[in-house]
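Inspection log for the structure reproduced underneath, given as structure tokens.
The values are calculated or read from the model by the stated rules, or taken from the named source; none is laboratory data. Everything numeric here is computed off the predicted structure, so don't read it as measured data. Neighbour counts run over all protein chains shown; Cβ positions are idealised from the backbone, glycine included. Each accessible area value is taken on the protein alone, full model and side chains, heavy atoms only, with ligands, DNA and RNA left out. Shrake-Rupley method; radii C 1.70, N 1.55, O 1.52, S 1.80 Å.
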Amino acid sequence: MSTAMNFGSKSFQPRPPDKGSFPLDHFGECKRFQEKFMRCLRENKFENALCRHESKDYLECRMERQLMAQEPLEKLGFGDLMDGKTDKH
């Protein structure tokens, strides 16, 4: 029962995130949206499901200012918030 563990046989290959990196908001173009989102998180004990409208607004700001790649909001998980399908709090 001599099973040798050879940790060198498989090497870890790091890979970039699926979406890649995105530029920081150096000029604060979306700071107002980011602050509103963070305030919502703090007020709701960091339950992000309660801050989806703020999150959507923040991501829309980033996409409009080319601080992240344009993506359909449905693909980002906000399909149910489109076309007034839910009430905005």
Item to check | Electrostatic dipole magnitude of the stretch 20-79 [Cβ: Lys, Arg +1; Asp, Glu -1; Cα centre; debye, to 20] | outcome: 180
Item to check | Calculated from backbone phi, Karplus (6.51, -1.76, 1.60) coupling profile of the stretch 30-35 in Hz, x at Gly/Pro | outcome: 10, 4, 4, 5, 5, 5
Checklist entry - In what sequence, highest mean first, do 34-44, 68-78, 51-61 appear when ranked by Cβ atoms within 10 angstrom? => result 51-61, 34-44, 68-78
Checklist entry - From the phi of every residue in the stretch 36-48, what ³J(HN,Hα) in whole Hz does the Karplus formula 6.51 cos²θ - 1.76 cosθ + 1.60 yield, where θ is phi - 60° and glycine or proline is x? => result 4, 5, 5, 4, 4, 4, 4, 5, 10, 6, 6, 7, 4
Item to check | Whole-number accessible area per residue in Å² for the stretch 21-78, which is evaluated in the context of all protein chains at 1.4 Å | outcome: 72
Item to check | Additional length obtainable on full extension of the chain from residue 46 to residue 74, 0.36 nm per residue less Cα span | outcome: 7.8 nm
Item to check | Whole-Hz ³J(HN,Hα) from phi, Karplus 6.51 cos²θ - 1.76 cosθ + 1.60, for the stretch 53-64, glycine and proline x | outcome: 5, 5, 5, 4, 4, 5, 5, 4, 4, 4, 5, 4
